Amino acid sequence: MVYKKIMEFAAELLFPSRCVICEEILPQQMEHPVRESCICASCRKKIYPVGEHFCMRCGKPLGRHGQQKEYCSDCRSKKHEFVQGRGVYIYRGEMIKSMYRFKYSNCRVYAKTYAQEAVRRHGRWLEQIGVEAILPVPLHKKREQTRGYNQAKLLADEIGKLTGIPVIADLLVRTAKTVPQKQLNDEERKNNLKNAFKLSKNSVQLEKVLLVDDIYTTGSTVDAAARTLKDAGIRQIYVLCFCIGEEYSD
């Protein structure tokens, strides 16, 4: 045990942990060589966790009058394919920059901290819903080859390690190389994702699963993925995204 702690501390000296928000080196602590979360105290003041007033369908924050509403304006106007969703942080400010590095700058190590934050905030909810498996939202194989990884899978794998829920990364497959959703409006997003997913197996022995993705805005991506899962007989699909847009995000 002592040897293990010494090796962990040595690794910390050679490869110091950095804050996933500002990228500054975090202070070293001999008694806690393996950190619980790589977000410095200063940056915690610059990011915005989803508060207690959020949409009971998608998990989007409801703002200052949230206590007077049950659903966001988006969920009041359309039906989603999933039962319920949760977000961890609002997709705003410094968190946008962090997520960009995670997705496009090979900052794969961020997944561990993101997962720790997700489980810390929504671990009880995960226990309550009792999903049988975690499914990451897939990238098209060509996009994943270009990027080198699927950020949703990295996040799902880390959440699986923390919760003990099995991760099935190859069940849901992205068959269409779609245009990036951020370039489209709501209607274009829906059309862009028609027939974008399929299952790798004809028979699925699951009834309740958790879809994991990095960012939720309108829900078009997870709706398309959930629709494919429902068509295969999976009755209940829940969603967990690390970042989530505000109520009036596109």
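Accessible surface calculations at 1.4 Å, restricted to protein heavy atoms, place the stretch 38-185 at 51 Å² per residue. Between SER73 and ASN202, the C-beta separation translates, for a Förster distance of 45 Å, into a calculated FRET efficiency of about 0.70. For TYR149, put the label point 7 Å out on the Cα→Cβ axis and report which residues of the stretch 110-134 keep their amide N under 11 Å from it. From the stretch 110-134, the list is 110-113.
If the label point is 7 Å along Cα→Cβ of GLU52, which residues in the stretch 76-99 have backbone nitrogen under 20 Å from it? Inside the label zone: 86-90. Relative protection proxy for 161-168, 212-219, from highest mean packing down: 212-219, 161-168 (other beta-carbon atoms within 10 angstrom).
The values are calculated or read from the model by the stated rules, or taken from the named source; none is laboratory data. Predicted, not measured: the structure shown is a model, and the values here were computed from it. A quick note on method: Cβ atoms are made from the backbone with ideal geometry, for glycine too, and the neighbour counts reach across all protein chains shown. Heads up: the accessible areas ignore ligands, DNA and RNA and are worked out on the full protein's heavy atoms, side chains in. Shrake-Rupley method; radii C 1.70, N 1.55, O 1.52, S 1.80 Å.
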